[in-house]
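Chemist: Below is a structure I'd like to ask you about.
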Amino acid sequence: MGIEAAIHAEGFLTTQLQHIINWARRSSLWPMPFATACCGIELMATASSRYDIARFGMERMGFSPRQSDLLIVAGRIAIKSMPVLQRIYMQMAEPKWVISMGACASTGGVFDTYAVVQGCDQFIPVDVYVPGCPPRPEQLFEGIMAIQRHIDAEGMPPKGPDGKRVPLGIALQPTHAPKPQPVPLTVG
Ligand code: SF4
């Protein structure tokens with residue numbers, strides 16, 4: 001990590017306590033997955049050996065709101081399940097952050113019906129919107145790193161003059177660049 005080299009050369013290391021706290025906080029975000037549909041499968045893929053969310057210190061998906069500080073909403077939210085999501089958000093430990101993963105969680109996606117919430121940000125503060133249907137694991141990581149960068153810089157989530165939580169409202173831009181498809185196989 002580079003720390004060993006610095007300590008070896010100088011024999012000591014100085015920093016600010018706030019930097020250490022921010023570093024520890026952003027290196028151990030514990031996700032609370034709220035996966036209701038296909039985006040949840042991509043969320044599960046982030047824990048696989050190929051993508052390895054453990055690199056971020058985030059492999060502990062505990063389904064335990066009081067021990068979690070990063071809510072990942074993955075999938076469409078039915079009107080009936082919204083109170084459950086709100087309760088989970090309220091039960092989570094402070095400071096806490098929220099990622100809305102995929103088109104359905106952010107906007108209702110193609111499900112423009114009376115039964116589906118047209119964006120979970122109508123009911124809970126969303127910090128990062130990850131686009132896609134579904135987003136790839138790499139894109140979810142980009143969202144996670146956006147929150148990590150915020151914690152590095154600011155430490156705590158912003159609050160308004162009334163003391164209420166102000167969402168970061170970061171919307172990731174899709175970065176996928178289509179490439180030419182492989183040459184079709186021919187039977188000779
Ligand atoms: S955004 Fe697409 S992949 Fe994700 S839950 Fe909706 S329909 Fe499924």
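What follows draws every value from the coordinates through simple rules; no lab data is involved. Every value quoted in this text rests on a predicted model; they were computed, and no experiment measured them. Here the Cβ positions follow ideal geometry from the backbone for every residue, glycine too, while neighbour counts run over all protein chains shown.
Chemist: Return Tyr114, Tyr51, Tyr89 ranked ascending by Cβ neighbour count within 10 Å, so the fewest neighbours appear first.
Modeler: The fewest-first ordering by Cβ neighbours comes to Tyr114, Tyr51, Tyr89.
Chemist: Tell me, in nm to one decimal, what length is gained between Trp23 and Asp152 on full extension, where the rule is 0.36 nm per residue of separation less the Cα-Cα distance?
Modeler: Between Trp23 and Asp152, full extension yields 45.8 nm more.
Chemist: Estimate the FRET efficiency between Cys133 and Ser49 by the formula 1/(1 + (r/R0)^6), using the beta-carbon distance for r and 25 Å for R0, to the nearest 0.05. Could you put the intermediate results ahead of the total?
Modeler: Working: r = 25 Å, r/R0 = 1.00.
Once the sixth-power term is evaluated, E becomes 0.50.
Chemist: Quick one: which residues, 5 or more positions from Ile170 or on another chain, have an amide H under 5 Å from its amide H? H modelled 1.01 Å from N in the peptide plane, none for Pro or chain starts.
Modeler: Val128, Tyr129
Chemist: Volume per residue, Å³, of the convex hull around the alpha-carbon atoms of the chain?
Modeler: Taking only Cα atoms, the chain has a hull volume of 184 Å³ per residue.
Chemist: If you take every residue apart from Thr46 with its C-beta less than 12 Å away from the C-beta of Thr46, what net charge results, scoring Lys and Arg +1 and Asp and Glu -1?
Modeler: My count for the surroundings of Thr46 gives -2.
Chemist: Report the FRET efficiency, 1/(1 + (r/R0)^6), for Arg66 and Met145, where r is their Cβ-Cβ distance and R0 is 22 Å, rounded to 0.05. Walk me through the numbers before you get to the answer.
Modeler: On the way: r = 25 Å, r/R0 = 1.15.
It comes out at approximately 0.30.
Chemist: For Val116, list long-range residues whose amide hydrogen, built 1.01 Å from N in the peptide plane, is under 5 Å from its own amide hydrogen.
Modeler: Ile79
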